[in-house]
Structure formats: C-alpha cells, structure tokens
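Coordinate-derived values only; no laboratory data. The structure presented is a predicted model; accordingly, all values stated were derived computationally and were not measured. We place every Cβ from the backbone using ideal geometry, glycine too, and count neighbours over all the protein chains shown.
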Amino acid sequence: MPTPSFPVDYQQLFHALPDNFLLIAPDTDATILDNTDRHVSVSMKSREEVVGKPFFEAYPSTDEESARLIEESHEHVRRHLEQHTMPLIRYDLERPQEQGGGLEELYWEATHYPVLDEQGQLRYILQRTQDVTEQYRARLAAERVQRELAEQQERTRFILESVPILVWTARPDGTRDYFNSRWLQFTGREHAQELDNHWMDNIHPDDRAQVEKHWYASIRGGLPYQAEYRLRRHDGQYRWVLMRGLPRTDADGRITMWVGGGTDIQDQKQMVQELLDTNEEQARLSDQAYQAYQLAEQQRKTFYSLFMQTPALICILRGPEHRFEFVNPPYQALFPGRQLVGKPVEEALPEVIEQGFVELLNGVYNTGETFIGNEVEIMIDRDNDGQLRLHYLNFTYQLFEENGQKAGIMVFAFDVTDLVQARRALERPAPDAQ
C-alpha cells in the first residue's frame, strides 16, 4: 500500500520551534520576515509589530556598541556566507504597557546562520538568540561574592601577620600547618622548618616532655590548650612564652582546626625570680605575686595591643551577674550608642534574655565548661529603636579564674552574617533560563 502523505505547513512548524529564531532578509536593513513563538515571547513584541520592518526599527537599540556588533555579524554572514556567533551583548527591550512599560535590561548571546538557495546565493539570515540575563547576573553575583571572600581572606591573613603575638594553626589531629611572621621572626627559622612536629625542636629540652603531654591531652579531649615553656629565640636564647590554643568545631561538634597564639613572658618571669631572690617574704607569696603581675601585664598588653586591634568581638563579663568589665571597639560597634561597661548583660542587652544567651552564660559560669557556638542566630536591636535584626555569630564563652576562684567569663566572637548569607545565596539553585 502506498504511504499516505500529509501536507506540511512549514511556517506553522517554524513558529512552533522550541527556540528563539528570527528570520531576516539578506538586505542591509536586515528586514524581519518571520520569527518563532518563543522569540515573540522573549522579545516582548507581537509578530505583527515587527514583520516587514528593518531590524533596528523593530527593536531599537539603546547601546551603540551592541548595535555595531549586530550589524557586523549580519555583514559577516552576507559577505562570507558562513555562520557567525556574537559575543555577549547587552540589548535592552521595551516592555509592553500592560507590563509597566519602560526598558528592561537584558543580556543576550546570538548566532547568525546563512540560509542559501539552490545556486548557493544567500536567501535568508537565521538568527538564534538566547536570553542569558539571569545567568549573567548570577555570574556577576558569584564573582562579587568570590571577591569579597578573597578580600576577607586577605584581611584575615594581614591581621594574623600583623598582630604582636606568635600565631599558629593546626589540623584536627594537632599537626601544625601555619605560623605567622612573628613566630618565624622569633625563632629565626623558615616556615617549612616549623611544620608538622618540627616546631617542638625549638622547645627547651627540659620543657619538651611536659609540653607534648599537655598538647596531646588537649587534642584527645578537644579541650582548650595552655602552657608555659621556654622557646629558643633566633639568637639562641631561650625565652619563656605563654601559649594558648582553641579548637574550632563544625555544626556536628567535630574539630576542623586548632588556632593558637603566644606571648613572650620572659620579663615577667625574670621579675618574679628577682623578687624571690631578694625577699624571703615575697618568696612565700611568689605565686600570688606572679599571678597578679601576669594578670596586669596580660590585660595591658593583650587588651590594648591585641584586643583593641583585632577584628574579633571581645568582651569580659565579671562575676555571676555577668557585668561588662571590658568591651573592644568591634564589640561596642555591634551595639552603637549603648552604655555596656559597668552594666550586667540583662540590663545592657535585654533583647538577648529570651534568646537563651544569659542561660548559656550561667551554665559556663556554674560548670566551668567552655561553650563554643558556630553560626548561631541572634536578634539584635542595633539602632536601639525596638527593631530586632538577624545576625550570625561564631563565639566562645570561656570561664576565667583569679587566685583559684571563679572571676568571670571571656567572650570571643566573629560576626559571620555576610558569609552565611553569601554562602546560602550560592547554595540556592539558579532559576531556569528563559
């Protein structure tokens, strides 16, 4: 039996093609002959409004450079009878009045194809366009976020290299993987010489076993690390240093890294020893004298050389009522216009009471257990106008003692609101391209 034939309406077929095609005459005006339904939709003009008109009359150009690129692409196809793909261009289109009118900022990628007759002469130019506005904006946003992250990383690196303390970091297993320039200047060694466990080569032989014991006990228990030991300086002299370290954990409580820092306390040690050598009464009180001097010296140096310069949010809360004794500028900037020093947390920051932060402080003060929070939500009345605004903080509450007695809580925090919002924006799937 003969195969039945069905007449094909090629114009109807062309209109139904699932892509943005525009059929153009080969004249210099690029007269529009037809377009697909998809092209009608993205161009925001009906077929009747554009067919029979020159290209730039149907779709007026708002940008001379983009118009030039389109004209050159048309001319390339007319001259060479080969397809030509244009670079990304901005080409704004007029919105219909029912959509509010005005121009809509749009970005396009387009390719022009020659359609030849049987004699090889150019009969039509077929334009295929793709609206890549959303992808382009998403790429710009991603690049901006990447620049901001890179700037933040560079800022952090600058801070680590500039603070007047010996800074180091370690992997979760305790293997040291970074030392700042202060450390390297002190020891007089190259960075590669300190990596892994080679930093222990600088420790006085009489102190090394005790340092290893304390350090690995902290690693096994995930506990804050603190030790005093003699570290060899670049000139061969051993100097007493006070070293501290804290673990950083993820949302599941797993340690992701260690961060630590130390200061030279040789002068304090030497002064205490001189007092012991010259006065028997002071010898009996040497522990108290050293602790008092150490605390005063730590406050003076640490508060004003480190705390006042670091971008972290730092404060000291004194006693069981958590009264503000010290706040650094970044912490005060989180609550502009408020008097914090001298006031209990409940009076200075009433909005945090129902959010559970006072209960956390009570728990740390009563149990002595350090609390570490990562990307914790906190609602803050920054402008003191009753309007609460969402922030995300990474923070540590750590009890400190004086003369063997509970004295208060030290707060060390970072405002990571911008990073959390940027990450979540990147994690959201991009909308489908039109």
> Once the Cα gyration tensor of segment 1-154 is diagonalised, what are the square roots of 5 times its eigenvalues, in whole Å and ordered largest first, as equivalent ellipsoid semi-axes?
Replying inline: 33, 19, 18
>> Taking θ = phi - 60°, what integer Hz values does the Karplus form 6.51 cos²θ - 1.76 cosθ + 1.60 yield along segment 79-92, in sequence order, with x for Gly and Pro?
In response: 7, 9, 6, 9, 5, 9, 9, 7, x, 4, 10, 9, 9, 6
> Which ³J(HN,Hα) values, rounded to whole Hz and listed in residue order, are derived for segment 337-349 from phi using the Karplus coefficients 6.51, -1.76 and 1.60 in 6.51 cos²θ - 1.76 cosθ + 1.60 with θ = phi - 60°, glycine and proline given as x?
Replying inline: x, 9, 8, 9, 4, x, 10, x, 4, 4, 7, 6, 10
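How much net charge surrounds Val145 when only other residues with a Cβ under 13 Å from its Cβ are counted (Lys, Arg +1; Asp, Glu -1)?
Working: positive: Arg137, Arg139, Arg144, Arg147, Arg423, Arg424, Arg428; negative: Glu143, Glu148, Glu151, Asp418, Glu427.
Neighbourhood net charge equals +2.
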>> Quick one: 3J(HN,Hα) in Hz for segment 21-38, Karplus 6.51/-1.76/1.60 with θ = phi - 60°, rounded, Gly and Pro as x.
In response: 10, 10, 9, 10, 6, x, 6, 5, 7, 6, 4, 7, 9, 5, 7, 7, 4, 5
> Whose amide H sits under 5 Å from the amide H of Val132, counting only residues 5 or more places off or on another chain, with H placed in the peptide plane?
Replying inline: Tyr107, Trp108, Glu109
> Under a plain spin-label model, where a point goes 7 Å from the Cα along Cα-to-Cβ, how far apart in nm are Lys343 and Ala192?
Replying inline: 5.6
> Once you put a point 7 Å from the Cα of Ala425 and another 7 Å from the Cα of Arg248, both along the Cβ direction, what distance in nm separates them?
Replying inline: 2.2
> Cα-based count: Lys pairs in the chain below 27 Å, eight or more positions apart or different chains?
Replying inline: 8
>> Let me check I've understood the local charge: for Gln193, count other residues with C-beta under 13 angstrom from its C-beta, Lys and Arg +1, Asp and Glu -1. What total comes out?
In response: -1
>> Output the 0 to 90 degree angle, nearest 10, between the alpha-carbon long axis of helix 133-162 and the longest principal axis computed from the alpha carbons of the chain.
In response: 20
>> Amide H of Asp34 versus every other amide H placed in the peptide plane: which residues, excluding those fewer than 5 positions away on the same chain, fall under 5 Å?
In response: Leu23
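Using only alpha carbon pairs under 8 Å that are at least six residues apart, calculate the relative contact order of segment 31-136 and give it in whole percent. Write down the numbers at each step before the final one.
Numbers: 155 pairs, mean separation 21.0, N = 106.
Answer for segment 31-136 is 20 percent.
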> How far is helix 205-221 tilted off the main Cα axis of the chain, in degrees rounded to 10, range 0 to 90?
Replying inline: 50
> Which of the following values of percent of Cα pairs over 43 Å apart was calculated from the structure shown: (1) 8; (2) 44; (3) 12?
Replying inline: (2)
> Add -39500 (n - 2.57) for each DSSP H run of 4 or more in the chain, then divide by its residues: what number comes out at 222 nm, to the nearest 500 deg cm²/dmol?
Replying inline: -10500 deg cm²/dmol
> Can you give the angle from 0 to 90° between the axis of helix 417-427 and the longest principal axis of the chain, with both taken from C-alpha atoms, to the nearest 10?
Replying inline: 40
> How much length, in nm to one decimal, is gained on full extension between Ala333 and Gln83, taken as 0.36 nm per residue of separation minus their Cα-Cα distance?
Replying inline: 84.1 nm
>> Under the rule of at least 5 residues apart or a separate chain, name every residue whose amide H is placed under 5 Å from the amide H of Leu313.
In response: Ala413, Phe414, Asp415
